[in-house]
Structures are given as structure tokens and as C-alpha cells.
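*Asks:* The structure follows.
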Amino acid sequence: MHYSIGVLEQQMRRTRFQALWLTGVAIVLAGCGRTSSTSGDATKVGATPPNVLACDDSLISAFRPDIYTTVTLVHLFRQGDHLALSGTPESPEPPVASNDACLVKLNVGPGNPGPDDAPSTSPGIGIEVWLPAATWNGRIRSVMDGGWAGSPDVSSLTTLRSDVGVWATERGYVTSITDSGHTSRPGQSTGSFTLNPDRSINTTLLTDLSTRALHEMAVKTKALANLVYGMPAAYAYFAGCSSSGRAGYSLAQNNPTDFNGIFVEDPSINQTQFFSALVWPNIVTERDLRGVPLTADQANLVSLAALSACSTALNGSYDGYYSNLSDLVGCAYDASTDPLVLCISDGGTNPTPACLSRAQAFAVNKMWYGPTVTGAAPSPAVDNGYNLVRTPEHLWWGLPRGDNLSATAIPSAQLLSIFTDQIALSLQDPTRGSGPPFQFTNASGNGMDGWKRLSYSQYATAFVLGKLLGPAFGNIDTDNPDIRRFRDSGAKMITLQGLNDVLVEPASTADYYHRSSASAGGFERAQQFHRLYFAPARGHCDSPALGLPPGANPNPPDLNQAAPNSGDIVRTEVFDALIAWVENGTAPTTFTATSPDNTVTRPVCIYPAEVKYLGGDPNLASNYSCQ
């Protein structure tokens with residue numbers, strides 16, 4: 001059985017919805033009393049809406065902001081309905097609407113013409129907008145997906161993004177998400193759209209992904225809310241993690257007036273370098289270990305050994321996670337000299353099947369150090385690869401020592417394909433992409449795991465080409481440090497980076513903050529509109545599977561959890577702090593990370609301040625300070 005609404009029942013609900021919409025929105029907005037900072041004029045939001053449109057197909061003809069925009073679907077959800085359309089799977093059970101909401105799907109052309117079966121062909125940018133009825137809080141909250149984006153649910157007429165709808169029905173936001181201008185198909189690499197059938201770079205859709213889809217989502221969401229409610233939103237916010245976090249930086253750099261507040265998590269800026277760098281552990285496996293990866297037990301053993309050596313820097317006792325960026329910079333653990341990790345046959349003392357040969361230990365050191373031009377890596381005692389200033393030989397930062405090495409050294413096929421897509425794009429050779437089950441698909445030749453046959457110098461070439469071809473890639477790196485126009489617009493931004501993130505290197509986030517702060521006039525001036533926090537024990541987008549290795553710490557502190565049913569899109573505490581900063585001028589200070597059982601607390605400081613231990617019970621945040 002699929003969830004659907006009968007025609008007669010739908011008509012009855014529309015009638016009731018109009019009455020609730022007219023009454024409820026007027027009440028909510030009357031209590032807001034703010035002047036819109038997103039509309040470009042001084043329109044008051046507190047007045048009774050002069051015109052409220054029904055949630056029905058009349059919106060298809062009513063909403064025509066330009067020749068490229070088309071309404072493709074309008075659907076009313078009433079309180080108690082499952083947030084699902086006719087093609088939504090029954091399992092897991094879709095969430096239930098807490099309040100009435102109107103779902104509107106848009107397509108914004110012109111897209112990219114081409115053969116119907118080509119991943120590079122697109123009718124335009126898909127945007128899904130949810131408008132609450134009686135509970136609108138006068139705010140907009142927009143997001144984008146991670147990876148190469150392209151969620152087919154956004155433009156589908158039979159499925160939807162219920163995680164976005166939950167924020168509309170539960171918290172009263174007008175919410176929106178974009179597919180970034182293309183859709184991915186089952187069994188197809190998500191980056192296949194980046195090359196046209198003739199292998200030329202699909203600059204049009206890469207530009208949509210990097211900038212245009214985000215701007216169109218902001219503009220169209222505001223315009224639709226203004227049309228439906230008869231008045232502009234008071235505030236607009238963007239929040240996202242990973243590539244969606246990169247999108248937040250893109251907005252600040254390229255469209256600085258689109259949003260009043262931006263919340264960024266683990267941003268994958270410098271994508272041409274960052275994605276390529278995540279293939280590095282597997283390149284090392286192919287070149288140095290003859291294609292035989294570490295076992296999960298081996299990866300866990302050496303990761304835990306690194307944590308044992310380095311996660312005591314803060315208070316002298318074993319934490320099983322990092323609390324400061326300097327902990328990573330100072331960790332010089334060397335797997336090749338640790339007898340507890342090395343096999344007996346290689347001079348070590350470890351008799352278990354999880355032991356490492358010396359060749360494997362050297363390979364792990366390379367994975368931790370990060371990509372180099374020749375494939376060589378220095379001794380960790382000389383350079384552990386985590387200094388903010390890299391040598392010319394050092395192409396990018398590697399994995400933080402002690403983090404979950406399995407996540408990238410033994411990745412899932414789907415995760416690896418996301419990163420090898422960048423190799424295929426940079427070399428403009430689809431055969432260098434991954435093969436099945438998540439194959440890079442192109443008319444001139446499909447992915448054949450050609451990345452495995454790259455020499456170290458060929459791999460370095462892909463790195464250099466990725467950077468040089470940035471304009472052709474739609475400037476997907478979004479690493480421009482000049483965000484002064486964002487500052488001058490009065491907008492605010494918070495960046496949250498996990499210190500045990502195995503995908504986005506914490507050093508890369510620090511590097512961007514250093515550069516953008518210098519552009520703004522120094523840390524003190526930058527912190528007036530943009531604040532960075534490094535969170536202890538936090539994996540990528542707060543994913544435990546992509547953070548600490550099993551057994552590292554059974555009870556690590558977490559900054560805060562996601563809102564109910566909202567996935568990993570927004571951490572409520574930090575997002576609410578951003579709202580207070582934007583709307584009330586209350587700047588965020590120190591957050592507190594708390595373990596699931598409430599026995600461990602730890603301060604989370606505004607960078608570049610670091611957590612310092614004052615003495616006493618090491619499990620209490622009160623015994624630390626930010627200095």
C-alpha cells in the first residue's frame with residue numbers, strides 16, 4: 001500500500017486548510033513584529049496577510065516568477081497525515097505531519113540538453129518547498145544534500161524529502177531543498193553528470209551545483225512564501241553539512257545577501273582536492289600493498305594505538321578522542337616503530353592476526369600524512385602532515401591519526417565512488433571512475449576502476465588538473481576567503497567541525513578560517529560575524545561510523561543531537577544559537593558537549609581559543625577553560 005489522498009477528501013481538506021491558513025498565519029505573524037531583512041524594503045510582517053493562496057493546483061498558474069520556473073506539484077498534508085506521496089516506500093514508516101503543510105515542487109530551467117539517457121542531461125534545477133499553515137514562524141530554512149547532491153526525491157512527483165517537511169510541520173519554518181540541478185539514478189555514480197557524452201566538462205550543471213541552484217532556491221523560496229502568505233519572510237537561514245556545508249560557504253562568497261544566517265558543518269570546500277585526497281588511502285593500498293587492503297581488525301588496532309598515544313594531551317588521561325586541533329598537530333605516533341602493533345615476524349610483539357607487517361605500517365603512515373607528489377612521506381617525528389602550512393611536496397592533509405581508518409582505507413563501494421568521480425572528472429576520463437555497483441556512466445566509456453592503475457605521479461596530475469580546471473568546474477571548490485560582502489550585509493555564520501572527522505580534514509577547515517579571517521582584518525573582526533568551533537569526539541556530520549574506531553571510547557561527549565526525524569541536517573542547539581545571534585544580536589560563546597549518559601562534559605571553544613585543563617575531575621566541563 002502507498003500513501004495517497006483521494007480526490008474528494010483532498011478537496012474537503014483544501015477548504016479547511018484555507019480557513020486555518022488565513023487565521024493561523026495572521027496570529028503567528030502578528031506576534032512577530034519584525035521588519036523583513038530579506039525583502040529589500042521596510043514591509044512590516046506583523047500586519048494581517050492581504051492575500052493567502054490555497055494549497056491546490058491554482059499555484060501552478062499563480063506562481064510564475066520568470067520564464068524558467070514551473071510548478072510541477074502541489075500537495076496538501078494535514079495534521080496526522082504521513083509525509084509521503086504515492087511512490088514513497090512503506091518502510092521505514094514515513095513521519096507524521098504534526099501540523100498542516102503545503103508541499104510545492106518547482107523546476108527552474110534551462111537545464112542542460114542532451115540524450116534522454118545521459119546523466120549530463122537535465123531539465124533544470126529541482127526545488128522542494130514546504131509551507132506550514134497555522135504555525136509559520138516567519139522564517140525560511142533551506143538545505144542541500146551532500147556528496148554530488150542530485151537526490152531524485154526532490155524533483156520526483158511520487159516521492160519527497162520528508163526530513164525537510166518535518167521542520168515545516170514541527171517547527172513552523174518554510175523549508176526548502178534543491179537537487180542542485182541534476183538527479184542520480186540507481187546503480188550510477190553520483191558524479192556521472194559532470195562529463196557530457198563526448199567527455200567534455202559539463203560546466204553548466206557544475207555551475208548549477210556550485211552556485212546557481214543555491215541562489216535560485218533562495219530566491220524562489222522567498223518569492224513563493226511572499227506570494228502564498230502575502231508578505232515576505234522575516235529571516236532566511238541556510239544550514240548544511242559536508243558538501244551542503246560547502247554550499248554555505250558558496251552562498252557567503254557568491255550570493256551574500258541570500259540568507260541572514262548560515263550554519264555550516266564539516267564543509268567540503270576545495271572539493272577538487274578534498275575528494276581526490278580521500279582516494280589516497282586506496283592509492284597507497286594499490287601501489288604499496290599490491291591492492292590488498294588492511295582488514296578491519298588491523299585498521300582498528302593501529303587507530304586505537306594512535307589514540308592511546310595522542311588522546312592524553314589535554315589532561316594526561318586517556319580520552320579516546322581529540323579536544324583541540326593542536327592535539328592533532330602534535331600527534332607524532334609512528335606505526336612503523338610500535339612493537340605492540342607490528343607482527344613478530346617484522347620485529348614486533350603482536351602475535352594476533354590483527355598485527356601489521358612493516359610494509360603495512362609504513363603504508364598507514366602514508367595514509368595519515370596525506371597525498372604527496374612522489375608518494376613518499378616523511379617520518380612523523382619530522383612532519384606528521386597536520387601543520388596548517390604544507391610543504392610544496394605535500395598535496396593535501398591526510399587522515400587524523402586515531403580516527404576510524406576503516407572508513408576510508410576500507411570504504412564502501414558507494415562512498416569510494418563519490419571520491420573517484422573527481423578523479424574521472426579531473427582527468428576527463430570516465431574509465432578512471434569506479435566500476436559497478438556504483439559505476440561512472442558515460443556514452444564514451446563507463447567507469448572501469450581505472451583509478452587503481454594510476455601511478456603516484458599520475459595521481460598527482462589529477463590533483464593539479466583539478467585545481468587548474470576550477471573555472472570549468474563551476475568553481476566548485478568555493479574556497480574564496482573574501483566574504484566581506486557577507487559581513488557587510490549584516491549576516492552571521494557559525495561553522496562546526498568535528499575533530500574526529502575522517503572525511504573533511506579539520507586542518508582544511510582551520511586553513512579556510514585563517515585565510516577568511518585575514519581577509520576580514522583578523523580573528524577579532526572575523527568573530528563579529530563568523531565563528532568556528534571544533535567539537536571533540538565528533539565524526540563527519542556527527543556520524544559515529546565515520547568518526548572514532550570501535551572501542552575508542554564507549555561514552556564520548558557530543559555537542560548536541562539532531563532534531564527529531566531531521567537526520568543530520570541541523571544540530572538544534574547551534575542552529576538556535578545562530579538565530580539568537582542574527583535576530584537578537586546575542587553572539588554565541590562556549591558550547592558544552594555532553595556524553596549520552598551525562599557523565600562527561602567538555603567545553604567547545606570559539607577558535608582559535610583551545611580547551612585547557614585546570615585540574616580536578618577531568619569529566620567535568622567546569623574544570624576546563626577556553627584560552
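*Asks:* Filter the stretch 325-355 down to the residues that are among the aliphatic types (A, V, I, L, M) and either under 27 Å from Q458 (Cβ atoms) or free of Cβ contacts under 8 Å to residues at least 40 places away in the same chain (or both) and list them by number.
*Replies:* Scanning the stretch 325-355 gives A335, L340, L342, I344.
*Asks:* Would you check if D198 is outside the structural domain of F438 (by TED's automatic domain parsing), at pLDDT 95 or above and not in a helix (DSSP H, G or I)?
*Replies:* yes
*Asks:* Still on this model: Taking into account only those residues within the stretch 428-448 that are closer than 22 Å to L468 by Cα and without any contact (Cβ under 8 Å) to a residue 40 or more places away in the chain, which is surrounded by the fewest Cβ atoms within 10 Å (Cβ to Cβ)?
*Replies:* Once the filter is applied, the top-ranked residue is T431.
*Asks:* Evaluate the stretch 402-411: report whether one residue or more is surrounded by fewer than 19 Cβ atoms within 10 Å (Cβ to Cβ), more than 25 Å from the chain's Cα centre (by Cα) and in the same structural domain as C310 (by TED's automatic domain parsing).
*Replies:* no
*Asks:* Right, next: I'd like to check something: does the stretch 81-96 contain any residue that is in a strand (DSSP E or B), over 22 Å from P65 (Cα atoms) and of a type in the set (A, V, I, L, M, F, W, C)?
*Replies:* yes
*Asks:* Step by step: first the residues of the stretch 201-234, then only those that are hydroxyl-bearing (S, T, Y) and under 23 Å from L76 (Cβ atoms), then the one that is modelled with the lowest pLDDT. Which residue is that?
*Replies:* That would be Y229.
*Asks:* Oh, and also: Yes or no: the stretch 302-325 includes at least one residue that is among the charged types (D, E, K, R) and more than 29 Å from the chain's Cα centre (by Cα).
*Replies:* No: zero hits.
*Asks:* From the list V25, V104, which one is outside any loop (DSSP other than H, G, I, E, B), modelled with pLDDT of 95 or more and buried (at least 19 other Cβ atoms within 10 Å of the Cβ)?
*Replies:* V104
*Asks:* When residues of the stretch 399-428 are filtered for being over 13 Å from S189 (Cβ atoms) and in contact with a strand residue (DSSP E or B) (Cβ under 9 Å, 6 or more places away or on another chain), how many remain?
*Replies:* Counting residues in the stretch 399-428 that are over 13 Å from S189 (Cβ atoms) and in contact with a strand residue (DSSP E or B) (Cβ under 9 Å, 6 or more places away or on another chain) gives 1.
*Asks:* Taking the stretch 366-418, which residues are in a strand (DSSP E or B) and farther than 20 Å from L325 by Cα?
*Replies:* Residue satisfying the conditions is T372 alone.
A quick yes/no check of all residues on (1) in contact (Cβ under 8 Å) with a residue 12 or more places away in the chain; (2) over 22 Å from I269 (Cβ atoms); (3) hydroxyl-bearing (S, T, Y):
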position: P132; (1), (2), (3): yes, yes, no
position: A149; (1), (2), (3): yes, no, no
position: G165; (1), (2), (3): yes, yes, no
position: P186; (1), (2), (3): no, yes, no
position: T190; (1), (2), (3): yes, no, yes
position: T204; (1), (2), (3): yes, no, yes
position: E216; (1), (2), (3): yes, no, no
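*Asks:* Please determine, by comparing only the residues of the stretch 327-345 that are in contact with a strand residue (DSSP E or B) (Cβ under 8 Å, 6 or more places away or on another chain) and not in a strand (DSSP E or B), which one is farthest from L307 (Cα to Cα).
*Replies:* The qualifying residue farthest from L307 (Cα to Cα) is I344.
*Asks:* Same structure again: Mind checking which residues of the stretch 48-81 are of a type outside the set (V, I, T), in contact with a Phe, Trp or Tyr (Cβ under 6 Å, 6 or more places away or on another chain) and modelled with pLDDT of 95 or more?
*Replies:* Residue satisfying the conditions is L76 alone.
*Asks:* Looking only at the stretch 581-614, which residues are at pLDDT 95 or above, among the hydroxyl-bearing types (S, T, Y) and over 24 Å from the mean Cα position of the chain (by Cα)?
*Replies:* Residues satisfying the conditions are T586, Y613.
*Asks:* Which condition breaks for G435 when tested against (1) closer than 20 Å to R287 by Cβ; (2) in contact with a Leu (Cβ under 9 Å, 6 or more places away or on another chain); (3) at pLDDT 95 or above?
*Replies:* In the conditions (1) closer than 20 Å to R287 by Cβ; (2) in contact with a Leu (Cβ under 9 Å, 6 or more places away or on another chain); (3) at pLDDT 95 or above, G435 misses (2) alone.
The values are calculated or read from the model by the stated rules, or taken from the named source; none is laboratory data. Small disclaimer: the values here were computed from a predicted structure and weren't measured. Positions of Cβ are backbone-derived with ideal geometry, glycine not excepted, and every protein chain shown enters the neighbour counts.
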